[in-house]
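Worksheet for the structure shown next.
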Amino acid sequence: MVMVDVPKSHPRYESLMVREKLVSGFRGGAVACEGLIAQGRGEAFDYILGERTHDAALKAIEAAACVLLLARKPVISVNGNAAALVANEIVKLSELLSCPVEVNLFYRTRAREEAVERILVDAGASSVLGACDDAVMRIPGLEHERGKVSASGIFCADVVLVPLEDGDRTEALRAMGKTVVTVDLSPFSRSAQAADVTIVDNIVRCFPLLCSEVRRLKGFDGAQLRRIVDGFDNEKNLSRMFIVMKDRLSLVASGGGLDG
Ligand code: PTJ
């Protein structure tokens, strides 16, 4: 539910609508208070990117789609922000991959588990892992509630898609031998640096693209998918994103305008 009436003519209409989705998710109990702060950090990086999906992000989206299609047991991890912003696309992606979605919260409370689960069910998810006493296993080395995972989900997954993730958990999942795909507007973040495939893009732009890419690559055989994955270098791709940011800042600093 949109809480304020923002005129469509407003130059920042799209961005303000994204904020409204988060605020509404916060009021409904799914988004953590800290999730609003996280969005602000993401927006700052998105400004530098010119609020568009760059070629390096498209490369990462292609690699992510291949990794997910090659997986034996992929799982989509869902936190409050992801549920509030892209629930429909999460459910679509889980259908395309025939894989589970799992509620996995940094600031885990029973009420938030239920609120995130409700959003996913309302978006059409047939089953949702990780909520209401389902998260009985633990990620080794992670203390407190954020280490809890489902026995039939993240715990036994080989590939985990964890958008807007915290660095500690990304590293802990990798230490368990899992392949981690993340979405993060900040290439500086520890999760961006620690993941196997990092998509530096806004989750609201990249999830529809990821769904399309999975649909496109579904017809490829394993060897073709593997070749694409082998040709992808996450470290180099992150460097490309830093260069995009540097070039954008240089252009603006030299008076080249904000639209370049
Ligand atoms: O719902 P919970 O309890 O699991 O909590 C979720 C948050 C996001 C609050 C929690 O995981 C957290 O504190 O994350 P961080 O450490 O603030 O990291 C979030 C990262 O996501 C930051 O690097 C942001 O730049 C990035 N980010 C924020 N909004 C977006 C984003 N990346 C892509 N798209 C966004 N819309």
Could you tell me the center-to-center distance, by alpha carbons, between region 153-216 and region 110-136 in angstrom?
20 Å
Using the membrane-span-like helix rule (whole DSSP H runs, Cα extent along the own axis of at least 30 Å, mean Kyte-Doolittle hydropathy at least -0.5), which helices of the chain qualify?
none
Amide H of Ala135: which non-local residues (sequence gap of 5 or more, or other chain) have their own amide H closer than 5 Å, using H built in the peptide plane?
Gly130
Rg/Rh of region 202-260 (Cα atoms, Kirkwood Rh), to two decimals, equals 1.14
Which three extents, in angstrom, do the Cα atoms of region 154-210 have along their principal axes, listed largest first?
29, 23, 13
The chain accessible area per residue, 1.4 Å probe, protein heavy atoms, integer Å², reads 47 Å²
How many nm separate the modelled label positions at Lys73 and Ser24, each set 7 Å beyond the Cα in the direction of the Cβ?
3.6 nm
Considering every pair of different Cα atoms, what Kirkwood radius, in Å, is found for the chain?
18.6 Å
If I model region 111-260 as equal point scatterers sitting on the Cα atoms and use the Debye formula, what is log10 I(q)/I(0) at q = 0.10, 0.15, 0.16, 0.21 Å⁻¹?
-0.46, -0.97, -1.07, -1.45
A 1.4 Å probe over the protein heavy atoms gives region 134-260 a carbon and sulfur accessible-area percentage of 55 percent
Partner lysines whose C-alpha sits under 17 Å from that of Lys8, ignoring same-chain residues fewer than 8 away, are Lys21
Spin-label pair Ala44/Val6, simplified geometry with 7 Å Cα→Cβ offset, distance in nm:
2.0 nm
Bin all alpha-carbon pair distances of region 108-181 at 5 Å intervals from 0 and give each bin's fraction as a whole percent.
3, 16, 24, 28, 19, 8, 2
So which lysines can Lys178 reach, going by Cα to Cα under 26 Å and dropping same-chain residues fewer than 8 places off?
Lys59, Lys73, Lys92, Lys148, Lys218, Lys236
Considering only the chain, percent of DSSP beta bridges that pair antiparallel, nearest 5
10 percent
Evaluate E = 1/(1 + (r/R0)^6) for Arg190 and Leu36, where r is the Cβ-Cβ distance and R0 equals 25 Å; express this FRET efficiency to the nearest 0.05.
0.75
Throw me the Rg/Rh for region 1-156, computed over C-alpha atoms with Kirkwood Rh, two decimals.
0.98
Taking the mean number of other Cβ atoms within 10 Å as a proxy for protection, how do you rank 155-167, 221-233, 41-53, 246-258 from highest to lowest?
155-167, 41-53, 221-233, 246-258
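The values are calculated or read from the model by the stated rules, or taken from the named source; none is laboratory data. Just so you know, these numbers come straight off a predicted model, no measurement behind them. Backbone-built Cβ (ideal geometry, glycine too); neighbour counts: all protein chains shown. Each accessible area value is taken on the protein alone, full model and side chains, heavy atoms only, with ligands, DNA and RNA left out. Shrake-Rupley method; radii C 1.70, N 1.55, O 1.52, S 1.80 Å.
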